[in-house]
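Colleague: The structure that follows is given in the form of structure tokens.
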Amino acid sequence: MLIVIYSIAMYIFVLGALLASLISKKTRKLVEGIPQTFKILKAEIKPDDRVVWFHAASLGEFEQGRPLMQRLREEHPEYKILLTFFSPSGYEVRKNYHGADVVCYLPFDTPGNVHSFLRLAHPEIALFIKYEFWMNYLTTAKKKGVKLYSVSSIFREKQYFFQWWGTMKPLKQFDHLFVQNEESKRLLNEHGIDCVTVVGDTRLDRVIDIKNAAAPLPLVEQFVADSPCFIAGSSWGPDEEIYIPYLAQQKDWKLIIAPHVISAVHLKSINKLLEDNGLGAVMYSELEAGTASVTNERVMIVDCFGKLSSIYRYGKIALVGGGFGVGIHNVPEAAVYGIPVLFGPNNRKFKEAQDLKRCGGAFEYNDEQSFSAIMDKFIDNPQTIDEAGRKAGSYINGNAGAANKCFNMIFK
């Protein structure tokens, strides 16, 4: 009865998505992309292929699953890797990812879609990254004998699984759950799920890999020169209204802004805020094209994607945006370079942020006053920057290894 109610709710969800696609470009991409999934599976997966299926909602989850995909490719080439996304922001960026044999959208979790998908994909093993718990996919795959794993998942008492009106049914389908912390294990154990191992977050392994493979950026190096540099990564408007006025007063510091949203409107608002505070900026794309040169400007705006993870290496202090919106972005990506990280108040659901705050490698600000207090302490006592940076780097390196633990239990 429960799964019937869930399926009805899913059909209503699909109808809502169809209506939303009339006005939302992002939802339209999803709705238009899902029918292509069945064509892709039919063309790319043969009946005798041995398939391992990775499902990631979006880019963040993809990065958590990537270390496992890379190692699977290296050590077990007999498997074909299927990678699915639910969010267009993940699929559109990684649809040509060469670490997987097949990349496509995950169709909506209706009974018909699920049976068609599993018939065409016929995976032996499926790994769902972090928060993906689709009831029809999990229950049907379990019945078909697919080995199911949850990777880098994290659970909290307020999640619907643990409420009187919720259900543990999706979670009980997993052969094993690899969770990030002891609290998640405790919650699952209390509700009758014992196939749980605490391994941490595979994202830490990924950021270490990114750091080790990061290419130097001569244009950024030339811009920073010998000056201390503040890196604002995945920057949003509410953060910019706080850090730009402060950095404008620090004449010895350079500022690099990598906006989360690179649009004409956002870039215009950043430039206006800089101008209001007596600052000009050089655009990275113009430096790259040779239409501008590194001058006396103290600010660089990175108006292109794919550079941020390498840019953090040039910073003395980093800010990770999103803390005044849906939530902070990739904190470990900055901390891995051994620099202190600052972020806004919406960080409670992010384990690494909480851990880094506790160990003294990251700091939360809520407004201009708290931001200024943190930065004043750093600038007045430069040794505190190095000390906090060492703690940040030590945390990342000391907690790596989750991907290895998961891989060995699943594939060894």
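Every number here is computed from the coordinates shown, using simple stated rules; none is lab data. Since we're looking at a predicted model, the values are computed, not measured. Cβ coordinates were reconstructed from backbone atoms using ideal geometry, including for glycine residues, and neighbour counts include every protein chain displayed.
Colleague: Which of rounded, prolate, oblate describes region 332-398, given a ≥ b ≥ c as roots of the alpha-carbon gyration tensor eigenvalues and a/c under 1.5 marking rounded, otherwise prolate only if a/b is larger than b/c?
Modeller: Taking the square roots of the gyration eigenvalues as a ≥ b ≥ c, region 332-398 is oblate.
Colleague: Normalise the Debye intensity by I(0) for the chain, one equal point scatterer per Cα, no solvent, then take log10 at q = 0.10, 0.14 Å⁻¹ and round to two decimals.
Modeller: -0.75, -1.29
Colleague: Sticking with this structure for a sec: Could you please rank CYS104, CYS359, placing first whichever residue has the fewest other Cβ atoms within 10 Å of its Cβ?
Modeller: If I rank by nearby Cβ atoms, fewest first, I get CYS359, CYS104.
Colleague: Starting from the Cα gyration tensor of region 231-299, take the square roots of the eigenvalues, sort them a ≥ b ≥ c, and report rounded, prolate or oblate (rounded when a/c is under 1.5, otherwise prolate if a/b is larger than b/c, else oblate).
Modeller: Cα axes put region 231-299 in the oblate bin.
Colleague: Quote to one decimal, in nm, the extra length available between LYS172 and ILE5 on full extension: 0.36 nm per residue of separation minus the C-alpha distance between them.
Modeller: Fully extending the segment from LYS172 to ILE5 adds 58.3 nm.
Colleague: Right, another one. As an exercise, use a Förster radius of 45 Å and the Cβ-Cβ distance of GLU74 and LYS143 to find the FRET efficiency, rounded to the nearest 0.05.
Modeller: Here the calculated transfer efficiency is 0.90.
Colleague: Could I ask something else about it? Taking a 32 Å limit on the Cα-Cα distance, which of the listed pairs LYS29/LYS254; LYS211/LYS254; LYS95/LYS405 fall beyond it?
Modeller: Violating the 32 Å Cα-Cα cut-off are LYS29/LYS254.
Colleague: On to the next question. Calculate the spin-label point distance for ASN296 paired with GLU368, positioning each point 7 Å from the Cα along the beta-carbon direction, and give it in nanometres.
Modeller: Going by the 7 Å Cα→Cβ label model, 2.7 nm.
Colleague: Setting aside same-chain residues fewer than 8 positions from LYS142, which aspartates and glutamates have a Cα under 18 Å from its Cα?
Modeller: By straight Cα distance, LYS142 reaches ASP109, GLU124, GLU132, ASP175, ASP194.
Colleague: For LYS357 paired with PHE411, estimate the spin-label separation in nm (one decimal), with each label point 7 Å from Cα along the Cα-to-Cβ line.
Modeller: My value for the distance between the label points is 3.6 nm.
Colleague: OK, next. Hey, what did the chain get for relative contact order, percent, Cα under 8 Å, at least 6 apart?
Modeller: Once divided by the residue count of the chain, the mean separation gives 12 percent.
Colleague: How much length is gained on full extension from PHE162 to ASN271, taking 0.36 nm per residue of separation minus their Cα-Cα distance?
Modeller: 34.6 nm
Colleague: When a/c reaches 1.5 or more, the comparison of a/b and b/c decides; with that in mind, is region 288-412 rounded, prolate or oblate per its Cα gyration tensor?
Modeller: Here region 288-412 falls in the oblate category.
Colleague: For the residues GLU364, GLU75, what sequence is obtained by ranking on other C-beta atoms within 10 Å, fewest first?
Modeller: Exposure proxy ranking, most exposed first: GLU75, GLU364.
Colleague: Go through ASN399, SER21, SER7 and say which Cα lies farthest out towards the positive end of the charge dipole of the chain; charges sit on Cβ, +1 for Lys and Arg, -1 for Asp and Glu.
Modeller: The residue sitting most towards the positive pole is SER7.
Colleague: Further question: Residues of region 337-368 with amide nitrogen under 15 Å from the 7 Å Cα-to-Cβ point of GLU241?
Modeller: Hits in region 337-368 for GLU241 at 15 Å: 344-345, 366-368.
Colleague: To continue, here is another question. Using 0.36 nm per residue, how much length does the chain from ASP376 to ALA225 gain when fully extended, once their Cα-Cα distance is taken away?
Modeller: Full extension of this stretch gives 52.1 nm more.
Colleague: Test of understanding: ordering CYS406, CYS304 by Cβ neighbours within 10 Å, fewest first, what list do you get?
Modeller: By the 10 Å Cβ count, ascending, the order reads CYS304, CYS406.
Colleague: As a test of the formula, what do you get for the chain when each DSSP H run with n ≥ 4 contributes -39,500 (n - 2.57) and the sum is divided by the residue count, at 222 nm and rounded to the nearest 500 deg cm²/dmol?
Modeller: -14500 deg cm²/dmol
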